[in-house]
Amino acid sequence: MENNVEQILVHHLTAFGNNDLDAIVEDYTETSVLFTPKGIITGLDNIRQFFVEFFAVIPTGSAFGMDQKLIDGNVAYILWNSDSDLAQIPVGTDTFVFEDDKIKYHTVADYRIAK
């Protein structure tokens with residue numbers, strides 16, 4: 001199980017780094033749930049829109065550091081940081097719960113300092 005989780009997580013992080021919306025959405029299903037500081041997001045169209053907005057803050061080429069990556073069974077956790085032209089993010093965190101080789105639940109939060 002952890003091998004599949006690792007592969008999906010690497011796919012997700014690579015798609016994120018490339019700001020590849022289609023590849024990002026491949027990791028979710030219509031019933032996936034994304035927990036954000038602004039509320040719960042469900043459905044592929046809404047998840048896509050979330051990433052459109054996120055990519056505007058952290059476009060391809062922005063500095064991105066992975067401070068921690070933990071996997072246990074079907075759950076993965078990452079602690080990260082980023083710096084772009086629009087914002088400095090000294091700390092961000094995501095937790096993923098995988099089911100049937102897709103992200104079923106995903107939490108995301110970050111501390112943004114606008115530039």
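The values are calculated or read from the model by the stated rules, or taken from the named source; none is laboratory data. None of the values given here were measured: they were computed from a predicted structure. These accessible areas exclude ligands, DNA and RNA; they are computed on the full protein's heavy atoms, side chains included. Shrake-Rupley method; radii C 1.70, N 1.55, O 1.52, S 1.80 Å.
The candidates Phe54, Phe35, arranged from most to least accessible area with a 1.4 Å probe in the full protein assembly, appear as Phe35, Phe54.
Helical content of the chain, expressed as a calculated mean residue ellipticity at 222 nm, amounts to -9500 deg cm²/dmol (DSSP H runs of 4 or more residues, -39,500 (n - 2.57) each, divided by residue number, nearest 500). Which percent of the accessible area of region 1-90 is formed by carbon and sulfur heavy atoms (probe 1.4 angstrom)? Roughly 53 percent, rounded to a whole number.
Ligands, DNA and RNA are left out, and with a 1.4 angstrom probe the accessible area of region 5-115 is 53 Å² per residue. For the chain, the spread of Cα positions along the three principal axes, ordered from largest to smallest, is 40, 29, 23 Å. Given a 1.4 Å probe and the protein chains as shown, Leu86 ends up with an accessible area of around 100 Å².
Our summary gives region 59-115 a relative contact order of 27 percent, counting only alpha carbon pairs under 8 angstrom and 6 or more residues apart.
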